[in-house]
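Enquirer: Take a look at the following structure, please.
The values are calculated or read from the model by the stated rules, or taken from the named source; none is laboratory data. Quantities reported herein were computed from a predicted structural model and do not represent experimental measurements. No Cβ is skipped: glycine too gets one built from the backbone with ideal geometry, and neighbour counts run over all protein chains shown.
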Amino acid sequence: MRLLLDSRSPASPTTALGEVGDDDLTRLYAWPEGGGVRANFVSTLDGSAAGGDGRSGSINTEADGRVFHLQRELADCVLVGAGTARAEGYRPGATPIFVVSGRGHLPETLTSGEGDVVLVTCASSGLEPSDDVWVEGEDEVDLRAVVARLHDAGMPCVLAEGGPSLFHDLLAAGLVDELALTLAPRLVGGDATRVVAGTPLDGASGLATELVHLLEEDGSLLTLWRLPR
């Protein structure tokens, strides 16, 4: 894997441009001091967040998978929508998974196995709060309250893995600090959803971002973007 661009200050520890190893990747994908919410997505060159089967797993690449697993290792927790967790076959793992579902439905693949899984829902679901069920908001999940609660629980480094609707809602709430986006060297056509699905953000021009770094391997472009607050 090659580092093509790193916009970090020369005064901070950076990796030289060129080939990078595991330690270099760990530094490049380390969360900012104090943590934050980082969204992680893969997209085709024609803007699709999924392949013809509706899954992002069908368009990811070896390089994307490597960075995906690294970010999970570095994160304190994963935040994901129930629909995405269901479609991608999520299972419990070493990193705690917080599943957002307004209706209070947890995918079956996450109901067994070793690893912490918490259902995040709202009062209208009718579920009672517990260690495994967080109830935040009345008729819809209050994402600001969720992120604040994760921080208070000692999990400030949040990896949001989608889907596109949850990403939109996090952006609209001003909660996203970074976006890790892989551009896979594929074209799929069709009318698949983009990485952000929902109403326009911040008027006609959208939300501005700043490129933090750019990596390349076998045609895959791995980018990290910062969303100015």
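Enquirer: From LEU183, LEU211, LEU221, which residue is at pLDDT 95 or above, surrounded by fewer than 21 Cβ atoms within 10 Å (Cβ to Cβ), in contact with a Ser or Thr (Cβ under 8 Å, 6 or more places away or on another chain) and under 24 Å from TYR90 (Cα atoms)?
Expert: Answer to the check: LEU183.
Enquirer: Shifting gears a bit: Could you list all residues from segment 186-208 that are loosely packed, with under 12 Cβ neighbours inside 10 Å and within 24 Å of GLY34 (Cα to Cα)?
Expert: Passing the criteria: only ALA208.
Enquirer: In this structure, does ALA63 turn out to be under 27 Å from PRO200 (Cβ atoms) and part of a helix (DSSP H, G or I)?
Expert: On the way: under 27 Å from PRO200 (Cβ atoms): no; part of a helix (DSSP H, G or I): yes.
Against the criterion (under 27 Å from PRO200 (Cβ atoms) and part of a helix (DSSP H, G or I)), ALA63 does not qualify.
Enquirer: Checking LEU74 against (1) touching a residue at least 60 places away in the same chain (Cβ under 8 Å); (2) of a type in the set (A, V, I, L, M); (3) within 16 Å of PHE167 (Cα to Cα): exactly one of these is not met. Which one?
Expert: (3)
Enquirer: How about segment 23-67: which of its residues are surrounded by fewer than 19 Cβ atoms within 10 Å (Cβ to Cβ), in contact with a Pro (Cβ under 8 Å, 6 or more places away or on another chain) and under 19 Å from HIS151 (Cα atoms)?
Expert: GLY34, GLY35 - these are the residues of segment 23-67 that are surrounded by fewer than 19 Cβ atoms within 10 Å (Cβ to Cβ), in contact with a Pro (Cβ under 8 Å, 6 or more places away or on another chain) and under 19 Å from HIS151 (Cα atoms).
Enquirer: Conditions first: (1) hydrophobic (A, V, I, L, M, F, W, C); (2) surrounded by 15 or more Cβ atoms within 10 Å (Cβ to Cβ); (3) at pLDDT 95 or above. ALA173 passes all but one, so which condition is the exception?
Expert: It is condition (2) that ALA173 fails.
Enquirer: Okay, moving on. Any residue at all in segment 3-14 that is part of a loop (DSSP other than H, G, I, E, B), touching a His at 6+ places or on another chain (Cβ under 9 Å) and at pLDDT 95 or above?
Expert: No: zero hits.
Enquirer: Of the residues that sit in segment 192-211 and are more than 16 Å from the chain's Cα centre (by Cα) and touching a residue at least 40 places away in the same chain (Cβ under 8 Å), which one is nearest to SER7 (Cα to Cα)?
Expert: Only one residue fits best here, namely LEU211.
Enquirer: In this structure, does THR111 turn out to be β-branched (Val, Ile, Thr), at pLDDT below 95 and out of contact with any Cys (no Cβ under 6 Å at 6 or more places or on another chain)?
Expert: yes
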